[in-house]
Protein chains: 2
Amino acid sequence: MDRGRRFWGWGFEDAGLTPADDAALAARIAPYLAVAETPTAPPTPEEIHLAPSRLTPPAAIAPWCDLDDVARAGHTYGKSFRDVLRALERRWERPPDVVASPPDEAGVVAVLDWAGDAGAIVIPYGGGSSVVGGVEAPTDDDRPVISLDLHRLDRVLEVDVDSRAALIQGGVFGPSLEAQLRPHGLTLRHFPQSFEVSSLGGWIATRSGGHFATLHTHIDEFVESIRAVTPVGVTESRRLPGSGAGPSPDRLLLGSEGILGVITAAWLRLQDRPTFRASAVARFSTFEGGARAARALGQCGLWPTNCRLLDAGEALVTGAGSHHLLLLGFESADHPVEHWLARAVELARDFGGVVDAHEDGALDATATWRSAFLRAPYVRDSLVRFGLINETFETAITWDRFETFVGSVRHATETALRDVGAWPGIVTCRLTHVYPDGAAPYFTVLAAGAGSGRLEQWAAVKAAAMDAIESNGGTVTHHHAVGRDHRPGYDRERSDLFAAQLRAAKGVVDPAALLNPGVLVDPRGRGRQRDERRGN
Amino acid sequence: MDRGRRFWGWGFEDAGLTPADDAALAARIAPYLAVAETPTAPPTPEEIHLAPSRLTPPAAIAPWCDLDDVARAGHTYGKSFRDVLRALERRWERPPDVVASPPDEAGVVAVLDWAGDAGAIVIPYGGGSSVVGGVEAPTDDDRPVISLDLHRLDRVLEVDVDSRAALIQGGVFGPSLEAQLRPHGLTLRHFPQSFEVSSLGGWIATRSGGHFATLHTHIDEFVESIRAVTPVGVTESRRLPGSGAGPSPDRLLLGSEGILGVITAAWLRLQDRPTFRASAVARFSTFEGGARAARALGQCGLWPTNCRLLDAGEALVTGAGSHHLLLLGFESADHPVEHWLARAVELARDFGGVVDAHEDGALDATATWRSAFLRAPYVRDSLVRFGLINETFETAITWDRFETFVGSVRHATETALRDVGAWPGIVTCRLTHVYPDGAAPYFTVLAAGAGSGRLEQWAAVKAAAMDAIESNGGTVTHHHAVGRDHRPGYDRERSDLFAAQLRAAKGVVDPAALLNPGVLVDPRGRGRQRDERRGN
């Protein structure tokens, strides 16, 4: 990580909005929402003074352990609205005592061994881009904290061109991963919004959602095998293109959010770099009409690469237009995809979509939206500095409940914004991924903050949105993960018996509950289920 | 199950080979392999005299519990070569004490409760088509045995046409399932070879391989949620089109082979019934050439519905021709698929395939092969009666190892056949499913049996094949499951830590180890891992 990262917010110090960009942004928002005259200045390194670290790394690992206040502050939170706001408010409530950045897997083993000896907990840290409280320390656990930063495990170790697969270390970030694959003509093509500042191991641990809007939506589908370090040893699955030999061990680690082991390497399925592309944009007069077209496209077997529906509010905010837009795209390394697109456009028109014959417009709208998509977290940081509330949350729901569901979640969120005085505001929705049996709605909230209580205001709004999602049959997260923020909703969504099984599986590899305790399930000995006690 | 099932072999009493078919089969084989003059007569119900049952069902469940000798004999084994041979030899070594066929989920709960009280073990039984010892009782566990036959849980409970999904009971067999979906214009399109005599719950519990040769190869991809009864309660996952909320609970039950619960119902993703089809057959002069074409087809993104490669021996045995054949097919409910097929044929030709322009030939060869495919288990039963050894086994391997792997497994199997005196013989191979990163080779063995020791001969050959598969990097099963027969290979394939986690997960829901003990992992208290003890 030669390029400097912002310790208080998203991304890199040399990216993001310039003061001129900030001023233009404020001027654009001001007609709708009250904007602070002067944005809050980000904290500077000189301001950071934390309580002393409670840990002293042993000599063997001390060279790559960082006890510096700024490093510790930079590893205290992820990058949600709540995280950035706390950083802007100079609140570093539970900083790690040490940031350990091992150079290899043996170093990871050494850190876990040391943590066991020192009675410390370990929080695996990839790119730190969690927006769900996935990399912050628990407030109800007093043990010292080690943030285990894996960014030095950043290499593609082996490429199998025949199988289009590669063995890749868990700490590599998106751009470096793609740069290492490019000479082989291969790509993972996994582009979450966090692509520049998130890691392969983080994608696997959180079941990240990627480039493909249909078919292969999560990183899950691209994982061929996983290697992970646990406090009791290393576990590794066999490289296989498919298997029916018992429950999949990889599927236990996918989504494990650091509680079952530290993912040090994985074999990933790759693709040839696409050379054929075709895209179109369909405009709809209602969001529901666009969603019905998306449903048909999800069920038709064409498997579009892109099939993202933006509601009019979303399209407006990102500058992509003033209708409800369905962005359609196909790509291939093997064959022209015009036939695919032609049938997709027919389907969109069958459901009332208006598709311009001129294709340049499609590429323009798609490019405009994608550029805004990648820049959005930087814009968010500026909006927070200007006193606003800006956050996203996402879910998935089957088609039979879709329209009621989106309406209920939107209504609950708007009502909560009003109730806490964070108003006026706007709640937009897009569909990020489309399935034959449902879709993944993604909500963005932009609202006035009411004075100095934005943390509490957002907490109330988030709780209301989570309740609406859960009680209307959705999932607490489609691809942002559970973290600490989504635990209340997750606890209602999953069965108690499965939670007890997950705790038991954790107990096997992490008997002292060192690894990210409190994420997904409570640590051992606290709040354990009756059924699990019967089983032990 | 109104139609009578064969209690000693595959399928239905009114299907299979007639005496005239048997004679023709024997005449066709005789030039190559010694065939008994008179085939062994199948056992008749009158011959069956088992030791008395050790269980007395309580009054509430007695009406649907069967203690009859023939029912117990019919539930003693699955349908592998070994199973049929033992039945023909009148060996019923560990029959269940009771066959319980509950009419509903409450009945399943009642059986598990009774089993707990009675100190009995429970073997969930769907269609009983296991070819891996998945439904037979352990020989090293003296507890009484209940075979829990789920065939009365045979209804589609709810259809959600919008999401193209249905809630389906676990005991329904393939034909009834499709008949219930047909009025809605929907289909599951899951057609394992056992389709007529296997159940949805069995498919889920064993990660069955189905109709689609690429993309959606296992039942796994079609499962939206699962409901299962365990000894400590019912567990159920939420219906979702996709989720990133922790490790998938469904993926823990998929492949659990009855050890983690009894699958009573599941929401499955369905499809519109296809109306567009196109197919072709490509002939190759070498199996390896055909496999390279299959690899290209697996990697090109066309996702053919059918992409099955038969080696020349296989094609010959099934009467489908005399070359190495690649069967290609596309189907859709939405759009003509000629463009897809045209590009697939181009690819096959690029790799040396000869494709006839005349399409009827393609349909003929495909239909011939498919008909032989469904009839194969009946033919197998006759071949066993004629004194031969006939069995199949299957695996999966990445492309980089593919050619060496197939050669090694074939060689190890042939060598073992010779070593045990079961010679002459033929070992054929086909690819049943094709992935971007590998394929699923499926081997068929047909060999002379050396006198009366075919069980022991096959045991030695099977062990040699399993060793070759494991040591060359394959999986012990791609879609036949692990059962009792594959435990030695499975124990080498999976990591010890994952096995300990699986045991711990089982311990939570099945503390007394009632459910199919010894399948996948050893029962609690026997052979447990040191690491697990540390964790408890």
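The values are calculated or read from the model by the stated rules, or taken from the named source; none is laboratory data. Predicted model, so just to flag it, every value in this text is computed and none were measured. Note that we place each Cβ from the backbone using ideal geometry, even for glycine, and neighbour counts take in every protein chain shown.
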Evaluation of residue A:459 against (1) at pLDDT 95 or above; (2) within 12 Å of another protein chain (Cβ to nearest Cβ) (one fails), failing number = (2)
Among the residues of the stretch A:46-67, is any among the acidic types (Asp, Glu) and within 22 Å of residue A:122 (Cα to Cα)?
-> yes
Under the condition of being over 19 Å from residue A:88 (Cα atoms) and more than 21 Å from the chain's Cα centre (by Cα), which residue from the stretch A:1-20 is surrounded by the fewest Cβ atoms within 10 Å (Cβ to Cβ)?
-> A:2
Within the stretch B:222-229, is even one residue of a type in the set (Val, Ile, Thr), crowded, with 24+ Cβ neighbours inside 10 Å, within 9 Å of chain A (Cβ to nearest Cβ) and within 21 Å of residue A:252 (Cα to Cα)?
-> no
Condition check for residue A:258: under 20 Å from residue A:198 (Cα atoms) and crowded, with 22+ Cβ neighbours inside 10 Å = yes
Residue that is within 11 Å of another protein chain (Cβ to nearest Cβ), polar (S, T, N, Q), in contact with a helix residue (DSSP H, G or I) (Cβ under 8 Å, 6 or more places away or on another chain) and closer than 28 Å to residue A:378 by Cβ, where the choices are A:208, A:198 | A:208
Of all residues in the stretch B:393-433, how many are among the polar types (S, T, N, Q) and within 14 Å of another protein chain (Cβ to nearest Cβ)?
-> 4
Residues (part of a strand (DSSP E or B) and crowded, with 19+ Cβ neighbours inside 10 Å) located in the stretch B:160-170 = B:160, B:165, B:166, B:168, B:169
Complete set of residues in the stretch A:230-256 that are among the charged types (D, E, K, R) and more than 7 Å from chain B (Cβ to nearest Cβ) | A:250
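Conditions (1) at pLDDT below 95; (2) touching a strand residue (DSSP E or B) at 6+ places or on another chain (Cβ under 9 Å), marked per residue:
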site	(1), (2)
A:30	yes, no
A:48	no, no
A:65	no, yes
A:68	no, yes
A:99	no, yes
Are any of the residues in the stretch A:266-279 more than 7 Å from chain B (Cβ to nearest Cβ), touching a Gly at 6+ places or on another chain (Cβ under 9 Å), touching a residue at least 12 places away in the same chain (Cβ under 8 Å) and crowded, with 24+ Cβ neighbours inside 10 Å?
-> yes
Which residue pairs have Cβ atoms closer than 9 Å, lie 6 or more positions apart in sequence or on different chains, and pair a first residue in the stretch B:338-350 that is within 10 Å of chain A (Cβ to nearest Cβ) with a second residue that is assigned to a helix (DSSP H, G or I)?
-> B:339/A:339; B:339/A:340; B:340/A:339; B:344/B:297; B:347/B:293; B:347/B:296; B:347/B:297
In the set A:500, A:481, the lone residue that is at the interface with chain B (Cβ under 7 Å from one of its Cβ atoms), within 19 Å of the chain's Cα centre (by Cα) and either buried (at least 24 other Cβ atoms within 10 Å of the Cβ) or not in a loop (DSSP other than H, G, I, E, B) (or both) is A:481
